[in-house]
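*Asks:* Quick one: this structure, given as structure tokens, is what I'll be asking you about.
The values are calculated or read from the model by the stated rules, or taken from the named source; none is laboratory data. Source: prediction; values computed, not measured. Using ideal geometry, Cβ is built from the backbone for each residue, glycine included, and neighbour counts are taken over all protein chains shown. Keep in mind that these areas ignore ligands, DNA and RNA; they rest on the heavy atoms of the full protein, side chains included. Shrake-Rupley method; radii C 1.70, N 1.55, O 1.52, S 1.80 Å.
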Amino acid sequence: MQRVTIEQFNVIGIAVRTTNVNGKSAQDIGQLWNKFMSEGIADQIPNKVDSNIFSIYTNYEGDHTKPYDTILGCKVESLENIPEGMVGQSFEGGTYGKFVSKGDLTKGVVFGTWTDIWQKDLNRIFTADFEIYGERAQNPTDAEVDVLVALKD
């Protein structure tokens, strides 16, 4: 794990409230990704900073065992123009632990990274954790995805 500082940023996208109990998050987040890709959501987001896709876990009711929101979207310059049916949220930034998930996205490599993170004693603060799907994630069978976890300073 590498400790990094993340600056404040804004995201617009689509969201679902879910939980990790009984595999519900895998189903909910899978459906969210399906909607995001099949409806071309990224192309409908105004004022994008770049083409990276963010999968953000936020608004936790406690730790990762409690309900939370997943937002799938893109980083934007401002939250002034949020399309109907989408959400916009600003994230504070701060100190993060950065993990890199390498391998086949279709075989759950990112979930495997999260499973490892949940086993570690990281002093997490459960504000906003996220994955970044950028250039290195274009080939789903040989991808690299950055996974960032909010930590206490």
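*Asks:* So what are the ³J(HN,Hα) numbers for the range 32-38, from phi and the Karplus equation (6.51, -1.76, 1.60; θ = phi - 60°), rounded to whole Hz, Gly and Pro as x?
*Replies:* So the J values, rounded to whole Hz, are 5, 4, 4, 5, 4, 6, 5.
*Asks:* Could I ask something else about it? So how do VAL4, VAL100 rank on accessible area, 1.4 Å probe, biggest first, that is with the largest at the start?
*Replies:* So the residues, ranked largest to smallest area, are VAL100, VAL4.
*Asks:* Extension gain ARG3-ASN123, at 0.36 nm per residue separation less the Cα-Cα distance, in nm?
*Replies:* Working it through step by step, the gained length comes to 42.0 nm.
*Asks:* Hey, another quick one. What does the charge dipole of the chain about its Cα centre add up to, to the nearest 20 debye, if the Cβ of each Lys and Arg holds +1 and the Cβ of each Asp and Glu holds -1?
*Replies:* For this selection, approximately 400 debye.
*Asks:* Expressed in whole Å with the largest first, what are the equivalent ellipsoid semi-axes of the chain derived from the C-alpha gyration tensor as the square root of 5 times each eigenvalue?
*Replies:* 22, 18, 16
*Asks:* Enter the Cα centre distance for the pair the range 71-138 and the range 22-46, rounded to the nearest angstrom.
*Replies:* Here the answer is 14 Å between Cα centres.
*Asks:* Need one number for the range 105-153: average projected area of the convex hull over its C-alpha atoms, nm².
*Replies:* 3.8
*Asks:* Report, to the nearest whole %, how much of the accessible area of the chain belongs to carbon and sulfur atoms, 1.4 Å probe, protein only.
*Replies:* 45
*Asks:* Also: Using heavy-atom solvent-accessible surface (probe 1.4 Å) with all chains present, what is the largest-first order of ARG124, ARG136, ARG3?
*Replies:* ARG3, ARG136, ARG124
*Asks:* Right, something else. Compute, for MET86, the solvent-accessible surface of its heavy atoms (probe 1.4 Å) with the complete set of protein chains present, and express it in square angstrom to the nearest 10.
*Replies:* MET86 exposes around 20 Å² with every protein chain in place.
*Asks:* Over 21 Å between C-alpha atoms is what I'm after, so list which of LYS24/LYS152; LYS24/LYS66; LYS24/LYS75 land there.
*Replies:* Among LYS24/LYS152; LYS24/LYS66; LYS24/LYS75, the Cα-Cα distance tops 21 Å for LYS24/LYS152; LYS24/LYS75.
*Asks:* Select from ILE117, THR141, ASN10 the residue farthest towards the positive end of the dipole of the chain; place +1 on Cβ of Lys and Arg, -1 on Cβ of Asp and Glu, and compute about the Cα centre.
*Replies:* Of ILE117, THR141, ASN10, it is ILE117.
*Asks:* Taking a 1.4 Å probe, which of SER38, SER55 shows the most accessible area, and what order do the others take after it?
*Replies:* Sorted by accessible area, descending: SER38, SER55.
*Asks:* List the residues whose amide H sits under 5 Å from the amide H of VAL76, counting only those 5 or more places along or on another chain, with H placed 1.01 Å from N in the peptide plane.
*Replies:* Here ASN10, VAL11, ILE12, VAL49 satisfy the definition.
*Asks:* Can you tell me the accessible area per residue over the range 1-72, all protein chains present, probe 1.4 angstrom, in square angstrom?
*Replies:* 52
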